[in-house]
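The values are calculated or read from the model by the stated rules, or taken from the named source; none is laboratory data. These numbers were taken from a predicted model, which means no experiment stands behind them. Neighbour counts run over all protein chains shown; Cβ positions are idealised from the backbone, glycine included.
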Amino acid sequence: MDPIKYMFEKPVLNGRMLRWTLMLAEFDLKYVPLKEVKGRAVADFLADNPIKEDSVTDMFLSQMKTWFMSKTIAISLNIKKLLVHGDSSLVINQVTGSWKIKSDSLAPHQAKIKELEKYFEEIHYVHLPREENQFANALSKLAALVNIADHIDIMPLCVERRSTPSYINEINGTEEDEIEPWYTSILKFKDTGEYPDNLDARGKRALRMLSTQFVEANGGQLYKKTAQGVLLRCIG
């Protein structure tokens, strides 16, 4: 997915990839993976775009019984009842008092949460298992991949549930023995040195270079040899 990461981490390179690596070696490059955008992005967005306190907002707030948001935002909106969802069972159990805090680094956070709880009349903590948080994780990964222009305030995301399968015709009715494996030309060239009839000079050269990446073993079975020396069996 990332060519720089691929070139820096692959132990053996040849051809064009090797030349690119040598050309980039003079620069002080460091690969840093793109982190996921967590739920904190929603809180930051609300903090940067506060809601105006008018009569419509006050009426809307009064009709809501339970809110789902971060505590800092909830305090600023004068919310009194809050339901907190967390995907970490460790944090949720420590906040509720079910587990003791043994780490010194987590103790200040626990004290801060207890201080914020004084602003609410009712607050509940619920652990959200990973299997129930798949949609939020998918949205966070999608947000990390999409570049939104500065002048766009809202970008709607439409999620549709399909009622029909994604394929049109089922692949069946064809016996595997009737179809030659994709590696037939490579295996035949390694055995006899013969080329397929429909190859030109360029295709023959490509087949020769491709065949060097494969080895034959175990009674004619073809394997692809990786840079680490691992043999990957070729299947049809």
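Residue-level check: of (1) part of a helix (DSSP H, G or I); (2) under 31 Å from the mean Cα position of the chain (by Cα); (3) among the hydroxyl-bearing types (Ser, Thr, Tyr), TYR223 misses just (1).
Please determine whether any residue of segment 112-135 is modelled with pLDDT under 80 and hydrophobic (A, V, I, L, M, F, W, C). For segment 112-135, residues modelled with pLDDT under 80 and hydrophobic (A, V, I, L, M, F, W, C): present.
The rows are residues; the columns are (1) at pLDDT 80 or above; (2) part of a helix (DSSP H, G or I); (3) exposed (fewer than 10 other Cβ atoms within 10 Å of the Cβ); (4) touching an Asp or Glu at 6+ places or on another chain (Cβ under 9 Å).
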position	(1), (2), (3), (4)
SER140	no, yes, no, yes
ALA143	no, yes, no, yes
HIS151	yes, no, yes, no
CYS158	no, no, yes, no
GLY173	no, no, yes, no
TRP182	yes, no, no, no
PRO196	yes, no, no, no
ALA206	yes, yes, no, no
LEU210	yes, yes, no, no
